[in-house]
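The values are calculated or read from the model by the stated rules, or taken from the named source; none is laboratory data. Note that this is a predicted model, so its numbers are computed, not measured. Glycine also receives a Cβ, built like all others from the backbone with ideal geometry; neighbour counts cover every protein chain displayed. Note: areas computed on protein heavy atoms with side chains; ligands, DNA, RNA excluded. Shrake-Rupley method; radii C 1.70, N 1.55, O 1.52, S 1.80 Å.
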Amino acid sequence: MALQHEIEAALKDAMRQRSEIRRNALRLLLTAVKNREKELRKAPDEAEIRHLIGSQIKQRRDSVEQFTKAGRGELAAREEAEIETLQSFLPEALSPEALAQIIDEAIAEVGAQSVKEMGKIMKVLMPRVAGRADGKQVNELVRQKLQG
């Protein structure tokens, strides 16, 4: 719950500072948290909130890509600013070396030998890197290690 209180405090600060982009990003995030709370019928824990933040960031990255393709640079820049706001609530991203080490440990733990066992590895790996690494990036690195 501490993370949710931190987000609510940041929203109040954004409103005081009249930061429209930050305010909107935080309002949407809190709405997603409230919706999740209704689904679960209990307050989401910090891991679930971090997962929601990751989902919100992913949606915005997709939007940036679409806006860029459509030549709408101002909208893409707005989405980028919202991504920065949301990322401030996630733990520090893993370095490439640390991520590679975690991937190697997961592969060894599962005993995977081929790309066919990718699902088993990802099931073990994603909870360890949740919120600290992009799922697509993790997937590509695991695939490279299993093929190489």
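Tell me whether the stretch 123-133 contains one or more residues that are within 19 Å of R27 (Cβ to Cβ) and surrounded by 15 or more Cβ atoms within 10 Å (Cβ to Cβ).
No.
Between residues in the stretch 93-111 that are more than 16 Å from E140 (Cβ to Cβ) and residues that are open to solvent by 70 Å² or more (accessible area, probe 1.4 Å), which pairs lie under 8 Å by C-beta distance while being six or more apart or on different chains?
These pairs meet every condition: V110/K120.
Quick one: R61 ticks every box in (1) at pLDDT 95 or above; (2) open to solvent by 40 Å² or more (accessible area, probe 1.4 Å); (3) within 15 Å of the chain's Cα centre (by Cα) bar one, so which box is it?
Evaluating R61 over (1) at pLDDT 95 or above; (2) open to solvent by 40 Å² or more (accessible area, probe 1.4 Å); (3) within 15 Å of the chain's Cα centre (by Cα) leaves (1) as the failure.
If we keep just the residues of the stretch 23-36 that are among the charged types (D, E, K, R) and surrounded by 15 or more Cβ atoms within 10 Å (Cβ to Cβ), which is farthest from R132 (Cα to Cα)?
R23
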